[in-house]
Amino acid sequence: LQIASVLIPIIVGIWVATAGLVVPKRKLLNQFIWIYWTNPLQYALDGLTSVAFFCDLNKPTCLNAGLNPTCAFNPTECPSCDCARLLDSPANTFVWTQISYNRSLHYNRVPYDMLALFLLAVLIRFLTFMALKYMKHYRT
């Protein structure tokens, strides 16, 4: 148990650092990309961020599938567009555009993120059960 008290904060620290908030996915070294893809926190954050901030920019009131490109940086070109903008940014960009670029998000990947998160949770529970059974803390 003393080893676990040392290892768990290290593992959680690595997960937090590689979940895409501290170090974006595109800035991770290729040698460490496997940590990103095996990180349950990454799947939770990607799914929840996509659900919370997604806005369809291609609808007619916004960019209109590229027919109104000036709307991307000038809110007066599309006053009826209800997508949130970064008001403190000099470019006045859309929140979804910035977040999806920085975090490598794709809204159509949300179901896969949630499925991966669920499977990782089941795996962690199974491994915990096996560890407790092996250590004889959970007697059956």
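The values are calculated or read from the model by the stated rules, or taken from the named source; none is laboratory data. For clarity, every value in this text was computed on a predicted model and none was experimentally measured. Note: ideal-geometry Cβ built from the backbone for every residue, glycine included; neighbour counts use all protein chains shown. Just the protein is used for accessible areas: all its heavy atoms, side chains included, with ligands, DNA and RNA removed. Shrake-Rupley method; radii C 1.70, N 1.55, O 1.52, S 1.80 Å.
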Restricted to the range 39-64 and to residues being outside any helix (DSSP H, G or I) and among the hydrophobic types (A, V, I, L, M, F, W, C), the residue nearest to Thr18 (Cα to Cα) is Phe54
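If I ask for residues that are closer than 18 Å to Tyr101 by Cα and hydrophobic (A, V, I, L, M, F, W, C), which ones from the range 49-64 would you list? Write out each step before concluding.
Going through the range 49-64, the residues closer than 18 Å to Tyr101 by Cα turn out to be 49-58, 63.
Correct list: Val51, Ala52, Phe53, Phe54, Cys55, Leu57, Leu63.
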Qualifying position, being part of a helix (DSSP H, G or I), among the hydrophobic types (A, V, I, L, M, F, W, C) and open to solvent by less than 80 Å² (accessible area, probe 1.4 Å), among Ile35, Ile8
Ile35
Name the pairs: first residue in the range 112-134 and closer than 14 Å to Thr38 by Cα, second residue surrounded by 13 or more Cβ atoms within 10 Å (Cβ to Cβ) and among the hydrophobic types (A, V, I, L, M, F, W, C), Cβ to Cβ under 6 Å, at least 6 apart or on different chains?
Leu117/Ala44
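Tell me the residue from Leu105, Leu87, Leu67 that is among the aliphatic types (A, V, I, L, M), in a loop (DSSP other than H, G, I, E, B) and in contact (Cβ under 8 Å) with a residue 12 or more places away in the chain, please. Step through it out loud before you land on a result.
Values: Leu87 fails: in contact (Cβ under 8 Å) with a residue 12 or more places away in the chain; Leu67 fails: in contact (Cβ under 8 Å) with a residue 12 or more places away in the chain.
None of the other options fit; the residue is Leu105.
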In the range 70-81, what residues are open to solvent by 70 Å² or more (accessible area, probe 1.4 Å), in a loop (DSSP other than H, G, I, E, B) and closer than 15 Å to Asn92 by Cα?
Phe73, Pro79
Working only within the range 1-18, note down all residues that are of a type in the set (Gly, Ala, Ser) and either on the phi > 0 side of the Ramachandran plot or at pLDDT 85 or above (or both).
Gly13, Ala17
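Condition check: under 26 Å from Lys25 (Cβ atoms) and open to solvent by 80 Å² or more (accessible area, probe 1.4 Å). Does Tyr112 satisfy that? Walk me through how you get there before you give the answer.
Values: under 26 Å from Lys25 (Cβ atoms): yes; open to solvent by 80 Å² or more (accessible area, probe 1.4 Å): yes.
Yes, satisfied.
Just give me the residues in the range 90-101 being in a loop (DSSP other than H, G, I, E, B) and either under 10 Å from Ala72 (Cβ atoms) or modelled with pLDDT of 85 or more (or both), in sequence order. Full working, then the answer.
Taking the range 90-101 first, the residues in a loop (DSSP other than H, G, I, E, B) are 90-93.
Correct list: Ala91, Asn92, Thr93.
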Looking only at residues that are in a helix (DSSP H, G or I) and touching a residue at least 24 places away in the same chain (Cβ under 8 Å) in the range 23-32, which one is surrounded by the most Cβ atoms within 10 Å (Cβ to Cβ)?
Lys25
